[in-house]
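Trainee: Okay, here's the structure, questions in a sec.
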């Protein structure tokens, strides 16, 4: 599983997703953008080195010779979490100037599952058009929208639910509360 962290708020979702994948003994490859490093430092208590240690393999953001830049490198799916609007725009327009956008481009051309956990509000017409363009190509657009029927008591409840919904998209069993369950 290839996880990419771009420069948007919400890195806690990415960290929890990686932890869940590791609990299920799923190989995790990781790319962290330069802007994500800055956001991680500003918004969290996480150390970038600790996040990198969660993954089995890590790649440098600007290394276009890294394995995920090639269609011959097999991955089950790619998840950009969180996905900034800059990253979304680059992917939507084929602007593959870094490893995240190149790996996403490869995922699209190879017909692999690509999930973008977009983080922005409100959304402009440009954002929506880029999302629609990608959705028409089969990319899953999965913003971390809170589900209030789970009756969250803390932010971690919402993070856990969002991670569960991402896992649903890649066919990995999870134990989140479902609509209509008591």
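The values are calculated or read from the model by the stated rules, or taken from the named source; none is laboratory data. Model, not experiment: these values are computed from the prediction. No Cβ is skipped: glycine too gets one built from the backbone with ideal geometry, and neighbour counts run over all protein chains shown.
Trainee: Based on this model, can you work out whether residue 139 counts as out of contact with any helix residue (DSSP H, G or I) (no Cβ under 6 Å at 6 or more places or on another chain) and surrounded by 20 or more Cβ atoms within 10 Å (Cβ to Cβ)?
Mentor: It is true that residue 139 is out of contact with any helix residue (DSSP H, G or I) (no Cβ under 6 Å at 6 or more places or on another chain) and surrounded by 20 or more Cβ atoms within 10 Å (Cβ to Cβ).
Trainee: When you scan the range 60-80, do you find a residue that is exposed (fewer than 14 other Cβ atoms within 10 Å of the Cβ) and under 14 Å from the mean Cα position of the chain (by Cα), even just one?
Mentor: Among the residues of the range 60-80, at least one is exposed (fewer than 14 other Cβ atoms within 10 Å of the Cβ) and under 14 Å from the mean Cα position of the chain (by Cα), which makes the answer yes.
Trainee: Right, something else. How many residues are farther than 21 Å from residue 40 by Cβ and either free of Cβ contacts under 8 Å to residues at least 24 places away in the same chain or out of contact with any helix residue (DSSP H, G or I) (no Cβ under 9 Å at 6 or more places or on another chain) (or both) when one looks only at the range 108-128?
Mentor: Adding up the residues that qualify gives 8.
Trainee: From the residues in the range 148-172 that are part of a loop (DSSP other than H, G, I, E, B) and without any contact (Cβ under 8 Å) to a residue 12 or more places away in the chain, which one is nearest to residue 17 (Cα to Cα)?
Mentor: Within the range 148-172, the match that is nearest to residue 17 (Cα to Cα) is 171.
Trainee: Something else now. Can you confirm whether residue 109 is surrounded by fewer than 20 Cβ atoms within 10 Å (Cβ to Cβ), modelled with pLDDT of 95 or more, more than 21 Å from residue 73 (Cα to Cα) and over 14 Å from the mean Cα position of the chain (by Cα)?
Mentor: Considered against the rule, which asks whether it is surrounded by fewer than 20 Cβ atoms within 10 Å (Cβ to Cβ), modelled with pLDDT of 95 or more, more than 21 Å from residue 73 (Cα to Cα) and over 14 Å from the mean Cα position of the chain (by Cα), residue 109 comes out as no.
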